[in-house]
1. Going residue by residue through the stretch A:50-71, is there one that turns out to be at pLDDT 85 or above, assigned to a strand (DSSP E or B) and surrounded by fewer than 18 Cβ atoms within 10 Å (Cβ to Cβ)?
2. Restricting to the stretch B:134-156, name every residue that is under 19 Å from residue B:78 (Cβ atoms) and either part of a loop (DSSP other than H, G, I, E, B) or facing chain A (nearest Cβ under 7 Å) (or both).
3. For residue B:47, which of the numbered conditions (1) within 8 Å of another protein chain (Cβ to nearest Cβ); (2) at pLDDT below 80 fails to hold?
4. Just checking, which of B:188, B:213 is modelled with pLDDT of 85 or more and farther than 28 Å from residue B:115 by Cβ?
5. Determine whether the stretch B:69-79 contains at least one residue that is loosely packed, with under 13 Cβ neighbours inside 10 Å, at pLDDT below 75, over 25 Å from residue B:152 (Cα atoms) and over 32 Å from the mean Cα position of the chain (by Cα).
6. Looking only at the stretch B:120-133, decide whether some residue is at the interface with another protein chain (Cβ under 10 Å from one of its Cβ atoms), in contact with a strand residue (DSSP E or B) (Cβ under 7 Å, 6 or more places away or on another chain) and surrounded by fewer than 24 Cβ atoms within 10 Å (Cβ to Cβ).
7. Of the conditions (1) facing chain A (nearest Cβ under 9 Å); (2) crowded, with 18+ Cβ neighbours inside 10 Å; (3) at pLDDT below 90, residue B:103 satisfies every one except a single condition; which number is it?
8. Condition first: on the phi < 0 side of the Ramachandran plot, in contact (Cβ under 8 Å) with a residue 60 or more places away in the chain and over 15 Å from the mean Cα position of the chain (by Cα). Now tell me which residues in the stretch B:233-262 satisfy that.
């Protein structure tokens, strides 16, 4: 049976459209069903590109001078997260499989991190220097309208000066994938929804 | 390059002038030959307009559309995509060119829709998968509507997917590029559907696949020689198709001949970095083979009336001569000897060929 070009085109187009809808629905379900964690956010700025306005998110955890960088296994691509309290999570270490990651920390998420080690207090520097862990879990921006993006940027600039921090609300699915649910700024949740 | 019909027209005029056939047969003979497809100014502008319109749509929907809620935004995307697909389907029977352009725009809109959907719903999409998805959709649309433009979009998107977040050329990735399947498919479609842009794209994609293979093997000189021979064989295959008047086979002939000579020339300079220079062919022999191959290709290009191949051969000859002069420390006496030897070989070969032609 020979199908004419016109129905062929429409069938392929319908399959493409359904695939796109399927991705949106599946991602929405995975986001809703995952475990919610709060991850500290630093160094953000609003951008206006062709793709619209967004807030650039830098998932970064500060390490006190007395702390040290989490251990990592060779060839690792999973991160172990551990609860720090009030729903906030921090990095416990890195491993190359989910099972091994869960032995390091209770929650495993796909991704990597880089750590700049803190400097412990010494005679020449009695207070020491803070270190930082930067997470790379596929979340680096939050799309939002320009006015709110600029407001968030302002709040976060103040947070960098020592005021209360902001958090990314992240859903960690059963597949280990991190999905952004929103931002928590000044205790106020800005969540993604369908509308 | 003159089309088959143009060449027959020239021959017919000569035959009529020589009295071999009657002038009254000229129109009847030419009527049996199809006109070569030429891209006139109006068609070129239609293509340009179509593509620019697609880009305008993409830019418009990507611009700051904060005021529109998420679901309507997504619906707008899907409606735009389906609208272009529907328009292409509607014109597929009566206006093939318009349908082709519309399907190309449809493929571009779908590529944009993937990116915008991940933006609308903040889906952390893997750019590589997004490019591959857009490429596969474009190829599927191309097959559905026999669209050379959509096929070109598919090839480009898959090529982009291969480049995005990949470290093949520094040994950081072990998976195979999708171009390995997309490039031969593009070549097949270019020859089957007679599309020059698709032919150029797929020829470049095939050469890219060869480069990927070379990079995987640490860019070894022996591998480059092996790949050069493989490309030369492919150029020979493309030449055979070209002599059979297969439309756009000449594009592959030109690109593969260029790549074969380039790989051969590079082989003697590897490894590019680091110490040591393992010579698979001794330097002087390499240069002589390079010169001879360039000369042979020039003769072949002239014989086939393929301007691009002739030009490639001339550039290659210049490169080989320059390399030889550099090797010999600009010793002009020795260089003159080598060039004299090459000239003698070329003259003798030419005389033999002429003798054979006269004998037949």
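The values are calculated or read from the model by the stated rules, or taken from the named source; none is laboratory data. If you're wondering where the values come from, they're calculated on a predicted model, not measured in any experiment. When we count neighbours, we look across all protein chains shown, and the Cβ atoms used for this are built from the backbone with ideal geometry, even at glycine.
1. no
2. Across the stretch B:134-156, the qualifying residues are B:137, B:140, B:141, B:144, B:145.
3. Result: residue B:47 passes all but (1).
4. Residue meeting the stated conditions: B:188.
5. No, every residue in the stretch B:69-79 fails to be loosely packed, with under 13 Cβ neighbours inside 10 Å, at pLDDT below 75, over 25 Å from residue B:152 (Cα atoms) and over 32 Å from the mean Cα position of the chain (by Cα).
6. Yes, the conditions are met somewhere in the stretch B:120-133.
7. Among (1) facing chain A (nearest Cβ under 9 Å); (2) crowded, with 18+ Cβ neighbours inside 10 Å; (3) at pLDDT below 90, the lone unmet condition for residue B:103 is (3).
8. The one that is on the phi < 0 side of the Ramachandran plot, in contact (Cβ under 8 Å) with a residue 60 or more places away in the chain and over 15 Å from the mean Cα position of the chain (by Cα): B:243.
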